[in-house]
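Remarks on the structure that follows.
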């Protein structure tokens, strides 16, 4: 029997989906912008920035 595909690691999650990674690209910036517009409490996996709402 093979192991499960999702083996969670905090560092890998942050380096793939973190705020700095999102901010670095145009598409990532659009993602953050869309999440701000929607009023998400958490913009990315690793972000301490609170939304205005």
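Sorting 33, 46 on the 10 Å Cβ count, fewest up front, what's the list? Walk me through the numbers before you get to the answer.
On the way: 33 12, 46 17.
In increasing order of surrounding Cβ atoms, one gets 33, 46.
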Plugging the Cβ-Cβ distance of residue 31 and residue 4 into 1/(1 + (r/R0)^6) at R0 = 35 Å yields, to the nearest 0.05, a FRET efficiency of 0.80
Computed over the chain, the relative contact order (Cα-Cα under 8 Å, seq sep at least six) in percent reads 32 percent
Here Rg/Rh (Cα, Kirkwood) for the chain equals 1.10
Computed over the chain: longest principal axis from alpha-carbon atoms vs helix 26-38 long axis, angle to nearest 10 degrees, is 70 degrees
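Read the figures in this text as sums done on the coordinates, not as results from a lab. Computed from a predicted structure; not experimentally measured. Please note: Cβ atoms are built from the backbone with ideal geometry, for glycine as well, and neighbour counts cover all protein chains shown.
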